[in-house]
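Novice: Below you'll find the structure I mean.
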Amino acid sequence: MERLTLFVSIFCVLFVYAEAFCWPEGRGNGYYCKYKNKHLRKGESYFNATGPFCLNCTCSEDAYTLNCCSIGINIFILPNDCERKQVGCNQEAVSKADPSKPCNGPVLSFA
């Protein structure tokens, strides 16, 4: 029981501080920021809602920095009798034996 309490406590702390994973994605040239084949003007955003890797990128107001953040729930740890199921930008933990049922076990995920 103590281990479960410790696990739940750590999970709650991590969940609060892990709303989204953000990173700088390349640089702009002062006129626009470039993400893959897209040119974003100052303050403009690019939103990708196609799983499995959904993100939101915004060109800074000076167009020298492009900042991107992940969107959705990603599962990092799940029991051996469960598997990940991609639903839009989110992952769900389901039973391997019956994928229509949720996983019955501790699952560690981050939003």
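Novice: Tell me, what ³J(HN,Hα) does each residue in region 101-111 have, in order and in whole Hz, if you take phi through Karplus 6.51 cos²θ - 1.76 cosθ + 1.60 with θ = phi - 60° and put x for Gly and Pro?
Specialist: Calculated HN-Hα couplings, in order: 10, x, 5, 9, x, x, 10, 10, 9, 10, 8 Hz.
Novice: In nanometres, what is the gap between the two model label sites at residue 95 and residue 29, each 7 Å from Cα along Cα-to-Cβ?
Specialist: Once both label points are built, they end up 5.7 nm from each other.
Novice: Applying the Karplus parametrisation 6.51 cos²θ - 1.76 cosθ + 1.60 with θ = phi - 60° to the phi angles of region 58-72, what ³J(HN,Hα) value in whole Hz is obtained for each residue in order, glycine and proline being reported as x?
Specialist: 10, 7, 5, 5, 9, 6, 10, 9, 10, 10, 10, 9, 6, 10, x
Novice: Which distance in nm do the two modelled labels at residue 49 and residue 36 give, with both placed 7 Å along the Cα-to-Cβ direction?
Specialist: Calculated label separation equals 1.6 nm.
Novice: Rounded to whole Hz and in sequence order, give me ³J(HN,Hα) for region 40-54 from the Karplus expression 6.51 cos²θ - 1.76 cosθ + 1.60, θ = phi - 60°, writing x for Gly and Pro.
Specialist: So the Karplus estimates, Gly and Pro as x, are 10, 6, 3, x, 7, 10, 10, 10, 10, 10, 9, x, x, 10, 9 Hz.
Novice: Given axes a ≥ b ≥ c from the Cα gyration tensor, I'd like to know whether region 40-111 is rounded (a/c under 1.5), prolate (a/b larger than b/c) or oblate.
Specialist: On the way: a/c = 5.77, a/b = 3.18, b/c = 1.81.
Since a/c reaches 1.5 and a/b is larger than b/c, the shape of region 40-111 is classed as prolate.
Novice: Using 0.36 nm per residue of separation minus the Cα-Cα distance, give me the extension gain between residue 76 and residue 108 in nm, one decimal.
Specialist: Working: separation 32, 0.36 × 32 = 11.52 nm, distance 0.57 nm.
Computed gain between residue 76 and residue 108 is 11.0 nm.
Novice: Near the amide H of residue 103, under 5 Å away, which other amide H atoms are found, from residues 5 or more places off or on another chain, if H is placed in the peptide plane?
Specialist: Answer set, sorted by chain and number: 93, 94, 95.
Novice: Please compute the Cα-Cα pair-distance distribution of region 21-71 with 5 Å bins starting at 0, giving whole percents from short to long.
Specialist: The calculated distribution, bin by bin, is 5, 26, 33, 22, 10, 3, 0.
Novice: Enumerate the amide H contacts of residue 87 below 5 Å, restricted to partners 5 or more residues apart or on another chain; note that Pro and chain-start residues carry no placed amide H.
Specialist: Close amide H contacts, sequence-distant or interchain: 92.
Rule-based calculations on the coordinates, nothing more; no lab input. Being a predicted model, the structure only gives us computed values, none of them experimental. Please note: Cβ atoms are built from the backbone with ideal geometry, for glycine as well, and neighbour counts cover all protein chains shown.
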